[in-house]
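Below you'll find the structure, written out as structure tokens, and then a few comments.
The values are calculated or read from the model by the stated rules, or taken from the named source; none is laboratory data. The structure presented is a predicted model; accordingly, all values stated were derived computationally and were not measured. As a convention, Cβ positions derive from the backbone with ideal geometry for all residues, glycine included, and neighbour counts pool all protein chains shown.
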Amino acid sequence: MTTKTKSYVGKKVKIAAGTRVQRAGRTYTREIDTVVTVRAQEAARGGKTRIVWKSNGLRASTLI
């Protein structure tokens, strides 16, 4: 049985300051608010969604 999730692909999402973000295999904490355009998404554990975007040519992702 499949579940329907909200689609974020192609939409702009605000990443708040203090959010943990993975970029180039490392985990960083955002120091300022950032608006990004979502390139991909995937289901994560606990019913959350991992969104992916490009950050200076590198793949970056976080849970929302």
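Quick one: in the range 30-48, which of the residues that are closer than 10 Å to Gly10 by Cα and in contact with a Gly (Cβ under 8 Å, 6 or more places away or on another chain) is surrounded by the most Cβ atoms within 10 Å (Cβ to Cβ)?
Val38
Could you tell me whether Thr49 is in contact with a Phe, Trp or Tyr (Cβ under 8 Å, 6 or more places away or on another chain) and closer than 16 Å to Thr5 by Cβ?
Working: in contact with a Phe, Trp or Tyr (Cβ under 8 Å, 6 or more places away or on another chain): yes; closer than 16 Å to Thr5 by Cβ: yes.
Answer is yes for this residue.
Residue-wise test of (1) at pLDDT below 95; (2) of a type outside the set (Ser, Thr, Tyr); (3) touching a Leu at 6+ places or on another chain (Cβ under 6 Å); (4) part of a strand (DSSP E or B).
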| position | (1), (2), (3), (4) |
| --- | --- |
| Thr3 | yes, no, no, no |
| Lys14 | no, yes, no, yes |
| Val21 | no, yes, no, yes |
| Glu31 | no, yes, no, no |
| Val35 | no, yes, no, yes |
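Name the single residue that is modelled with the lowest pLDDT among those in the range 37-46 being closer than 13 Å to Ser61 by Cα and out of contact with any Lys or Arg (no Cβ under 7 Å at 6 or more places or on another chain). Can you show your working first?
Pass one, the range 37-46, residues closer than 13 Å to Ser61 by Cα: 37-44.
Of the ones still in play, those that are also out of contact with any Lys or Arg (no Cβ under 7 Å at 6 or more places or on another chain) are 40, 43.
Working: Ala40: 96, Ala43: 92.
The extreme case among them is Ala43.
Can you tell me which condition Ser55 does not meet? The list is (1) at pLDDT 95 or above; (2) over 20 Å from Ser7 (Cβ atoms); (3) small (Gly, Ala, Ser), and all the others hold.
So the condition that Ser55 fails would be (1).
Among the residues of the range 20-48, what is the count of those that are in contact (Cβ under 8 Å) with a residue 24 or more places away in the chain and touching a Ser or Thr at 6+ places or on another chain (Cβ under 6 Å)? Before you say what the answer is, go through the steps one by one.
Step one: list which residues in the range 20-48 are in contact (Cβ under 8 Å) with a residue 24 or more places away in the chain, which gives 20-24, 36-41, 43.
Filter again for touching a Ser or Thr at 6+ places or on another chain (Cβ under 6 Å), leaving 20-23, 41.
Total satisfying the criteria: 5.
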